[in-house]
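See below for the structure under consideration.
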Amino acid sequence: MEMLDYGYRMLFGALLLLVGGGIFSWTMYVRIRLLLAGKPEKRWDLLADRAGRLLKIAIGQRKMFKEPASGILHALTFWGFCVLSIRTTLLFVNAFAPDFFLPGVLHPIYDFSKDITEVIVLVAIAGFFYRRLVVQPARIHYSNEALVILSFIGGLMITDFLYDGLHFGGMAKAALGAGNTAEAQAILAKIAHAPVGSALAGYFSASDFDPKTMQMVGEANYWLHLSIILTFMNLLPISKHFHVITALPNVFLSRLEPKGALTLIDNIEDRIIAEESLGLGRVEDLTWKQTMDLYTCTECGRCTVNCPAWNTDKPLNPALIIKDLQAHLYDEKDRILAGGAAPAAEEGAIPPLIAGVNPDAIWSCTTCRSCSEQCPVMIEHVDKIVDMRRHMMLNLNQFPAELKVTLKNLENKSNPWGISSAKRGAWAKKRPDVPDLKSNPDAEWLYFVGCAGAYDDRAKKVTEAVVKILNAAGTDFAIIGKKEKCSGDPARRMGHEYLFQEQATANIEQMNKAGVKKVIASCPHCFNSIKNEYPQLGGHFEVVHHTQLIWRLVREGKLDLKSAAQMKITFHDSCYLGRYNDEYDAPREALAAVPGVELVEMERSKQTGMCCGAGGARMYMEEKIGTRVNQLRVEQAMETKPEVIAVSCPFCLTMVKDGLREKDIEGVETKDVAEIIADALVEPTPEPEPEAETPAAEPAAVPAAPKD
């Protein structure tokens, strides 16, 4: 019986592991050192929550299924690779213990599932090749690296099948050639539960091939399999496929804080005086988690194709921002690891970290979070962009010229338009149905009107609609009045963290002093700031958006809605209500509660809804590059042939209204949800005043008796 001598495996296996593992360990050592050079950031809390996110998003591949075709292919490949990794580990073990198998029932169960999984993965790999070479989706750039990686994964599956078939088939044939049928059957029984391997072994054992040659070819596939995995492993840290290693920890360590809360810069006044580098201006400003984000980008393009700026021909490409930061990090690697100081930037120069990045890209961002929403590995794009704005604003004094007026207005008048703060409560002065905190200090709710709701003539109509609804439902509320300041959202999103903290702190002091516990906000930007960012500065309140409260009042039967004229409505999602705070249902449910309303959805709605173009302080900047975002959004809305485009944000109200005008579209209205509900209200009939009682007639005077 001709059998190969496998005694050499131990030496070859040790050498292969030493070389392949050694190179990989050194590369990873450098990458980890670079990671740990980043600023500290707490990401080790709430482990149970993090484990749940890991299971759903990373292992469960939930975000991949936003695009079903590619999502299914990727999930099958990922899960199959995980299953095969056990087999690969066993093959390494077999170099030192040739007869080792999984113990007990694990061996047959695993063999069966492994073979079925590998067949599925091969089908998925074929699907990926077809998708990349034939379909060629717009978001995917042709990449030889991707084809090599796919070939490696397919090669792992094929070499595993061939090893089983030729190795066991060759040994079984050798046993049969020696007349030892029982031994041949025992050899084949070892892989009897592996459908593909068993079928191949059976075929080869009954073939005319030389048994020793079969074993040698099988052995070649064994070493080829191990060589592929070690080569694959060493390619990962130096390629875009580094995410194969970093995706799971990146998801596990992703932010659990509210999505709408940017990181607070502590002691900002002292740090500005000390001329510290604020935000993201050089490599040393990256936190270790931001560095891990840079490692993890898959270059899948999902962030880019969903970006409103990119879709309107702006220079912002979210994926390219991440890749440019990564390239700059790698360029500075040796200096960082050697502990060298950052080179001084020339006066007026673009900060070193964004060298190669067009500043227009940084200022084109609407902070809509569509990029992060779509990212399958939980990269935080917006935080980095705002951090770069912070550095440009606070350290370099470099920002779009039109923001100078906005900043001056916010600093002096606490509103972006520069209107006197004394006029903030003017809309409510002669309205007895709008109490302020002085006249109603124990109000259950504070109605935070916001700058637009107090000053903008169109937005004031929304404010009045909200008031009408609150009064109809008997809601106990009050406003701050002229002492209310801007929530701080525009300042924070444009990068002026100091001004945000100044405005937010002033509001918090007013609200805490008045004993405010519950807040209603009509502007999603105010809503997001008060709900998610004010707690960073000591402001802890229960905060609802007006659409949430309206839907609650409808559910509780506190609002009586009459049948409206038949009205076809499409609803435009505010980014700061939807993607930032996961509220998609309340405005839709409120609209659907109005008899006569037909609600139709745009193709891009809810999580995939497109920004109106005003977020991230873009409301106060000129849009000089490419198509206006609001015009593209209006075109998308008009595909539903609506009579009304409903919104839930004063920014969206302005942008959609302007978009309709700019596109010369007539006969379509833009209304806030509150206005539609207020128009449909059946207002309670006031009780008639009791009629005054008619006084009873006095008895006629009795005439005096005549005198004698």
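The values are calculated or read from the model by the stated rules, or taken from the named source; none is laboratory data. This one's a predicted model, so the numbers in the text were calculated from it and none came from an experiment. So basically every Cβ, Gly included, is an ideal-geometry build from the backbone, and we count neighbours across all protein chains shown.
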- Query: Only one of (1) more than 17 Å from residue 652 (Cβ to Cβ); (2) of a type in the set (S, T, N, Q); (3) crowded, with 22+ Cβ neighbours inside 10 Å fails for residue 471. Which number is that?
  - Reply: (3)
- Of the residues that sit in the range 201-220 and are buried (at least 16 other Cβ atoms within 10 Å of the Cβ) and hydrophobic (A, V, I, L, M, F, W, C), which one is farthest from the chain's Cα centre (by Cα)? 209
- Contact list, first residue from the range 669-682 and closer than 10 Å to residue 559 by Cα, second anywhere and acidic (Asp, Glu) and surrounded by 22 or more Cβ atoms within 10 Å (Cβ to Cβ), beta-carbon distance below 7 Å, six or more apart or interchain, is none
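Mind listing whichever residues of the range 478-496 are assigned to a helix (DSSP H, G or I) and under 25 Å from residue 467 (Cβ atoms)? Spell out the reasoning first.
Initial filter on the range 478-496 (assigned to a helix (DSSP H, G or I)): 489-493.
Once the filter is applied, which keeps residues that are assigned to a helix (DSSP H, G or I) and under 25 Å from residue 467 (Cβ atoms), the range 478-496 yields 489, 490.
Just to verify a result, which residue in the range 464-477, among those that are in a loop (DSSP other than H, G, I, E, B) and touching a residue at least 40 places away in the same chain (Cβ under 8 Å), is farthest from residue 432 (Cα to Cα)? Don't jump to the end; show me each part of the working.
First, pick out the residues of the range 464-477 that are in a loop (DSSP other than H, G, I, E, B): 473-476.
Filter again for touching a residue at least 40 places away in the same chain (Cβ under 8 Å), leaving 473-475.
Numbers: 473: 16, 474: 14, 475: 14 Å.
It comes out as 473.
Being outside any helix (DSSP H, G or I) and in contact (Cβ under 8 Å) with a residue 60 or more places away in the chain is the filter here, so list the residues in the range 4-43 that pass it.
Step one: list which residues in the range 4-43 are outside any helix (DSSP H, G or I), which gives 4-8, 37-43.
Matches in the range 4-43: 4, 6, 37, 38, 39, 40, 41, 43.
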- Query: Quick check: anything in the range 568-577 of a type outside the set (Lys, Arg), modelled with pLDDT under 95, more than 30 Å from residue 401 (Cα to Cα) and not in a loop (DSSP other than H, G, I, E, B)?
  - Reply: no
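Taking the condition of being farther than 23 Å from residue 297 by Cβ and free of Cβ contacts under 8 Å to residues at least 12 places away in the same chain, how many residues in the range 215-236 meet it? Break it down stepwise before answering.
Initial filter on the range 215-236 (farther than 23 Å from residue 297 by Cβ): 215-230.
Retained after the next criterion (residues that are free of Cβ contacts under 8 Å to residues at least 12 places away in the same chain): 220.
The total comes to 1.
In the range 610-631, what count of residues is obtained for those that are touching a Gly at 6+ places or on another chain (Cβ under 6 Å) and buried (at least 24 other Cβ atoms within 10 Å of the Cβ)?
So the count comes out to 2.
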- Task: Go through (1) of a type in the set (Val, Ile, Thr); (2) part of a helix (DSSP H, G or I); (3) in contact with a Ser or Thr (Cβ under 9 Å, 6 or more places away or on another chain); (4) over 28 Å from residue 109 (Cβ atoms) and name the single condition residue 187 misses.
- Result: (4)
- Could you list all residues from the range 592-612 that are in a loop (DSSP other than H, G, I, E, B) and out of contact with any Lys or Arg (no Cβ under 8 Å at 6 or more places or on another chain)? 593, 594, 596, 601, 602, 603, 604, 605
- Residue hits (the range 591-609; buried (at least 16 other Cβ atoms within 10 Å of the Cβ) and of a type in the set (Lys, Arg)) are 604
- Message: Against the condition of a type outside the set (S, T, N, Q) and either in contact with a strand residue (DSSP E or B) (Cβ under 6 Å, 6 or more places away or on another chain) or assigned to a loop (DSSP other than H, G, I, E, B) (or both), how does residue 499 come out, does it pass?
- Response: no
- Can you find even one residue in the range 291-313 that is more than 24 Å from residue 54 (Cα to Cα) and among the aromatic types (Phe, Trp, Tyr)? yes
- Task: Mind telling me which of the residues 117, 89 ends up being crowded, with 18+ Cβ neighbours inside 10 Å, polar (S, T, N, Q) and either more than 21 Å from the chain's Cα centre (by Cα) or not assigned by TED's automatic domain parsing to the domain that holds residue 287 (or both)?
- Result: 117
- Hey, any hits in the range 508-515 for a residue that's outside the structural domain of residue 373 (by TED's automatic domain parsing) and not in a helix (DSSP H, G or I)? yes
- Query: Does residue 420 count as buried (at least 19 other Cβ atoms within 10 Å of the Cβ) and among the polar types (S, T, N, Q)?
  - Reply: no
- Scanning for something in contact with a Lys or Arg (Cβ under 9 Å, 6 or more places away or on another chain), free of Cβ contacts under 8 Å to residues at least 60 places away in the same chain and not aromatic (Phe, Trp, Tyr), does the range 455-463 turn up at least one residue? no
- Scan of the range 632-652 for residues that are buried (at least 17 other Cβ atoms within 10 Å of the Cβ), out of contact with any Ser or Thr (no Cβ under 6 Å at 6 or more places or on another chain) and in contact (Cβ under 8 Å) with a residue 40 or more places away in the chain, ordered by number: 633, 644, 646, 647, 650, 651
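Which residue out of 533, 589 is assigned to a helix (DSSP H, G or I), in contact (Cβ under 8 Å) with a residue 24 or more places away in the chain and in the same structural domain as residue 655 (by TED's automatic domain parsing)? Steps first, answer last, please.
Details: 533 fails: in the same structural domain as residue 655 (by TED's automatic domain parsing).
Step by step, each of 533, 589 is checked, and only 589 is assigned to a helix (DSSP H, G or I), in contact (Cβ under 8 Å) with a residue 24 or more places away in the chain and in the same structural domain as residue 655 (by TED's automatic domain parsing).
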- Which number in (1) buried (at least 21 other Cβ atoms within 10 Å of the Cβ); (2) out of contact with any helix residue (DSSP H, G or I) (no Cβ under 9 Å at 6 or more places or on another chain) marks the one condition that residue 580 misses? (2)
- Item | Residue satisfying condition, being of a type outside the set (Ser, Thr, Tyr) and within 24 Å of residue 398 (Cβ to Cβ), within set 283, 305 | 283
- Query: Which of the residues that make up the range 560-592 are over 22 Å from residue 523 (Cα atoms) and hydrophobic (A, V, I, L, M, F, W, C)?
  - Reply: 561, 564, 565, 567
- Residue identified as at pLDDT 95 or above and at negative phi among 468, 482: 468
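State the number of residues belonging to the range 60-71 that are under 24 Å from residue 50 (Cα atoms) and part of a helix (DSSP H, G or I).
First, the residues of the range 60-71 that are under 24 Å from residue 50 (Cα atoms): 60-66, 71.
With part of a helix (DSSP H, G or I) added as a condition, the list becomes 62-66, 71.
The number of residues fulfilling the criteria is 6.
Do we find a residue being over 17 Å from residue 221 (Cα atoms), crowded, with 16+ Cβ neighbours inside 10 Å, assigned by TED's automatic domain parsing to the domain that holds residue 84 and at pLDDT below 90 anywhere in the range 149-171?
Our first condition is that a residue be over 17 Å from residue 221 (Cα atoms); within the range 149-171, this holds for 149-150.
If we keep only those that are crowded, with 16+ Cβ neighbours inside 10 Å as well, we get 149-150.
Checking which are assigned by TED's automatic domain parsing to the domain that holds residue 84 leaves us with 149-150.
Checking the rest, the ones that are also at pLDDT below 90 come to none.
No; the residues of the range 149-171 include none that is over 17 Å from residue 221 (Cα atoms), crowded, with 16+ Cβ neighbours inside 10 Å, assigned by TED's automatic domain parsing to the domain that holds residue 84 and at pLDDT below 90.
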- helices (runs of 4 or more DSSP H) wholly inside the range 616-708 containing at least 2 residues that are over 30 Å from residue 474 (Cα atoms), in contact with an Asp or Glu (Cβ under 7 Å, 6 or more places away or on another chain) and modelled with pLDDT of 95 or more: 629-638
- Message: With the requirement that a residue be part of a helix (DSSP H, G or I) and free of Cβ contacts under 8 Å to residues at least 12 places away in the same chain, what does the range 152-182 give you?
- Response: 181, 182
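Which residue is nearest to the chain's Cα centre (by Cα), if the candidates are limited to the range 44-56 and must be hydrophobic (A, V, I, L, M, F, W, C) and in a helix (DSSP H, G or I)?
Narrowing the range 44-56 to residues hydrophobic (A, V, I, L, M, F, W, C): 44, 46-48, 51, 54-55.
Right, trim to in a helix (DSSP H, G or I) and you get 47-48, 51, 54-55.
Numbers: 47: 20, 48: 20, 51: 18, 54: 15, 55: 17 Å.
Out of the qualifying residues, it is 54.
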